[in-house]
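In what follows, a single structure is set out as structure tokens and then discussed.
Rule-based calculations on the coordinates, nothing more; no lab input. Model, not experiment: these values are computed from the prediction.
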Amino acid sequence: MRDAKRLAAIRKLPCIKCGSPAPSQAAHSNSSKHGKGRGIKASDEFTVPLCYPCHSAFDAFKLGNRQESEAMFEQWLKKTERMLNLKDDEVF
């Protein structure tokens, strides 16, 4: 599923790994449980903000093996959802 509005919002967030200020890239999950397959990206609902260096390292599994990478992505996804749903008076 593609969601241009979500991708635009993700790109405005700081990098979820290193905190580098926006703009970020919308990094899709590399897990088959999120719909990733050969030549097929996961659904846009499974995206997190990553700067270019962190995105490249994540996609190349330089941040951990597949299992570690999936666990890390799950934590990033939860944090991303909280960041996207902040109210004006909340601080992250």
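Semi-axes of the equivalent ellipsoid for the range 4-84, computed as √(5λ) from the eigenvalues of its C-alpha gyration tensor and ordered from largest down, come to 18, 15, 11 Å. For Ala27, the amide hydrogen comes within under 5 Å of the amide hydrogens of Val48, Leu50, counting only partners 5 or more places away or on other chains and with H modelled in the peptide plane. Applying 0.36 nm per residue to the separation of Ala71 and Asn85 and subtracting their alpha-carbon distance, the gain on full extension is 2.9 nm.
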